[in-house]
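A.B. asks: Here you go, one structure.
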Amino acid sequence: PRHRGLILAADDAEEWGMIGARELTSLLKTHQTVAVLSLDYLAAGPAPSLEMNCMGQFAGYTPLWLRQLLVASGRAQGARFEQVTGTGEWIERALEVSAQDQGPLLRSGIPALNLATHSLKTEAVRARYHTPEDVFRNFDPAAFQLLGSTVEQAVFALNTLPPPAPGTAGDFQASPDRYLSSALMGLLQILGLLPIVLAACFAASNFAAEKIELHGWRFLEPASWVIPPCLAGLLLYALTGLNILPRFELYPATPKDPFLYHLPLALIAALAIVVGAGFVELRKLLSRVEVPPTPFGVRKRILFLWVTIVALVAFFNNPYAMELFLGGFAYATLLLVPPRGAVSRATNAALLIAAATPFAALLYSFGKEIFLGWRITWYLVLQAAYGVWSPIAVALFLLAVVLGVQLFWISVLQGDRDVANPLA
């Protein structure tokens, strides 16, 4: 039988950006590493089951074969596994922001997952998390036995496991007993985007048939509204680079850090001033540009073309994130009707609100999960400043917001009047 070596490593500084795990990754990349099992934490109190964390740090996800191997190892010890499948896995693949040490390993292509115990006393565990009360006397020895025996079983299995088939890292766990291959998953994602692309091509062809000119400000003006928030983003990067905004290694701070609860009002005011001044100057510029009145149908098609461009760029960046955050937005833009009465305006409002619901729901969920509440919005700003979100992702988000505001303006607030320079 095949036998492999075993490396035991203790890394540190997880909450500060997986610094120890990133150093370990640089070492393991030089070896033919089959898999890494990260033993992260044991929740205090009785532990009836185990859980695994599979998100990569900005890229990657635990391959299905390794997840199945750990589930089988746990069952052999009488343990139950709490694992994310279906919608939950889709959300994790869309976010790609790991909170555990498997993240950097997965990003580098090393199969890895994080293991922990799952406690029935959730509220007690959350209350003690990162406090002086998080001490050994609160732990159940049986939890150590449960996790330890499962890991031991998995290590023995990995020791003789034949090399996994290539191309299986993207397999999607649709349910505990059913999965979709990476090829099939990719095909389904393309099919989901295809109607949007075809509709955009049809809209563009209609412009040519109607001899409507799209050059100059008529086409560029809707996207020009993204300039002021982008300037604020550049200021944010500059303040971080100059250490005026406190600089963390990667993630903004550990949960419950006072830094997250005392917002720097001077910094926020500076960002707001840049955005406000940018919009004032942009309005002055647009008022001097001669743009003929644009009927709702034409304006909607122009905005839809921009939404399609954003969706396409986002799709190639991360198809899971595009379809979660922008798929509904693109279809909502396509379905908007001329706002000629209360019913049509209410319909348009409902479509646009529904399109923003996934993002709002995740904000609420994660704000509650990491003890921040509404301050999760400030946490997202800090994540942008420290590079958790790439500049492309930040620009796409800002452009989507700008387009959404304009769509709400022309399809809900303004009515059936001609539209020329909305918001100007």
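The values are calculated or read from the model by the stated rules, or taken from the named source; none is laboratory data. Because the structure is predicted, anything quoted here is derived from the model rather than measured. Virtual Cβ from ideal backbone geometry, glycine too; neighbours counted across all protein chains shown. With ligands, DNA and RNA removed, areas are computed over all heavy atoms of the protein, side chains included. Shrake-Rupley method; radii C 1.70, N 1.55, O 1.52, S 1.80 Å.
A.B. asks: Report, to the nearest 10°, how far helix 296-317 tilts away from the longest principal axis of the Cα atoms in the chain, using its own Cα long axis and a range of 0 to 90°.
C.D. replies: 20
A.B. asks: OK, next. Kirkwood hydrodynamic radius for the range 276-424: how many Å is it when counted over pairs of different Cα atoms?
C.D. replies: Averaging 1/r across every pair of different Cα atoms and inverting gives 16.8 Å.
A.B. asks: GNM, the chain, Cα, under 10 Å: largest mean-square fluctuation among GLY367, GLY233, GLY404?
C.D. replies: GLY367
A.B. asks: Another question, then. Using amide H atoms built 1.01 Å from N in the peptide plane, name the residues 5+ places from TYR41, or on other chains, whose amide H lies under 5 Å from its own.
C.D. replies: Distant-sequence amide H within range of TYR41: THR117.
A.B. asks: Mind telling me which of PRO132, PRO252, PRO319 comes out most flexible in a GNM of the chain, alpha-carbon contacts under 10 Å?
C.D. replies: PRO132
A.B. asks: I'd like the FRET efficiency for ALA361 and ILE309, computed as 1/(1 + (r/R0)^6) with the beta carbon distance as r and R0 of 22 Å, rounded to 0.05.
C.D. replies: Efficiency, from the Cβ-Cβ distance: 0.30.
A.B. asks: Another one. Modelling each spin label as a point 7 Å along the Cα-to-Cβ direction, I'd like the LYS284/GLU23 distance in nm, to one decimal.
C.D. replies: For the pair LYS284/GLU23, the computed spacing is 5.3 nm.
A.B. asks: Any idea what the relative contact order of the chain is, in percent, if you count C-alpha pairs under 8 Å spaced at least 6 apart?
C.D. replies: Relative contact order for the chain comes out at 18 percent.
A.B. asks: Right, something else. Report D for the range 14-100 in µm² per second (integer): Stokes-Einstein, Kirkwood Rh on Cα pairs, 4 °C, 1.567 mPa s.
C.D. replies: 89
A.B. asks: Let me ask something else about it. On full extension of the chain, what length is gained from LEU188 through LEU231, given 0.36 nm per residue of separation minus the C-alpha to C-alpha distance?
C.D. replies: 11.8 nm
A.B. asks: Quick one: pull the percentage of alpha-carbon pairs in the range 223-351 with a separation above 25 Å.
C.D. replies: Cα-Cα pairs in the range 223-351 separated by more than 25 Å: 53 percent.
A.B. asks: Please name whichever of GLY278, GLN383, LEU363 sits farthest to the positive end of the charge dipole of the chain, dipole taken about the Cα centre and charges placed at Cβ: Lys and Arg +1, Asp and Glu -1.
C.D. replies: Farthest towards the positive pole: GLY278.
A.B. asks: Of the heavy-atom accessible surface of the chain (probe 1.4 angstrom), what whole percent is carbon and sulfur?
C.D. replies: C and S atoms contribute 66 percent here.
A.B. asks: Test of understanding: in a Gaussian network model of the chain with alpha carbons linked when under 10 Å, which of TYR237, TYR320, TYR41 would top the mean-square fluctuation ranking?
C.D. replies: TYR41
A.B. asks: Distance from a point 7 Å along Cα→Cβ of LEU180 to each backbone N in the range 301-345: keep the residues under 20 Å and list them by number.
C.D. replies: Under 20 Å, as judged by backbone N against the label point of LEU180, lie 311-332 of the range 301-345.
A.B. asks: For the range 54-109, which GluC sites (Glu not before Pro) pass both filters: DSSP loop (anything but H, G, I, E, B) and at most 14 other C-beta atoms within 10 Å?
C.D. replies: none
A.B. asks: Could you work out how far helix 376-385 tilts from the main Cα principal axis of the chain, as a 0 to 90 degree angle to the nearest 10?
C.D. replies: Rounded to the nearest ten degrees, it is 90.
A.B. asks: Quick one: how many lysine pairs in the chain have C-alpha atoms under 20 angstrom apart, if they're 8 or more apart or on different chains?
C.D. replies: 4
A.B. asks: Once the Cβ-Cβ distance between GLN68 and ARG4 is put in as r, and R0 is 30 Å, what FRET efficiency do you end up with, to the nearest 0.05?
C.D. replies: Working from the Cβ atoms, E equals 0.95.
A.B. asks: In nanometres, what is the gap between the two model label sites at THR160 and ARG80, each 7 Å from Cα along Cα-to-Cβ?
C.D. replies: 3.1
A.B. asks: Given the -39500 (n - 2.57) contribution per DSSP H run of 4+ residues, what per-residue ellipticity at 222 nm results for the chain, rounded to the nearest 500 deg cm²/dmol?
C.D. replies: Computed mean residue ellipticity for the chain: -17500 deg cm²/dmol.
A.B. asks: Please report the relative contact order for the range 295-368, taking Cα pairs under 8 Å with a sequence separation of at least 6, and give it as a percent rounded to a whole number.
C.D. replies: 28
A.B. asks: Where only protein heavy atoms count, and the probe is 1.4 Å, what is the accessible area per residue for the chain in Å²?
C.D. replies: I get 50 Å² per residue for this part.
A.B. asks: Which far-off residues, 5 or more places away or on another chain, put their amide H under 5 Å from the one on TYR251, with H placed in the peptide plane?
C.D. replies: GLY17
A.B. asks: Same structure, new question: Over the range 336-400, what is the mean sequence separation of C-alpha contacts under 8 Å (at least six apart), divided by residue count, expressed as relative contact order in percent?
C.D. replies: 14
A.B. asks: Between ALA112 and residues 5 or more places away or on another chain, which pairs have amide H atoms under 5 Å apart, with H built 1.01 Å from N, and which residues are they?
C.D. replies: Amide H neighbours of ALA112: VAL36.
A.B. asks: Right, another one. Tell me, what is the FRET efficiency for PHE144 and ALA13 to the nearest 0.05, using R0 = 22 angstrom and their Cβ-Cβ distance as r?
C.D. replies: 0.40
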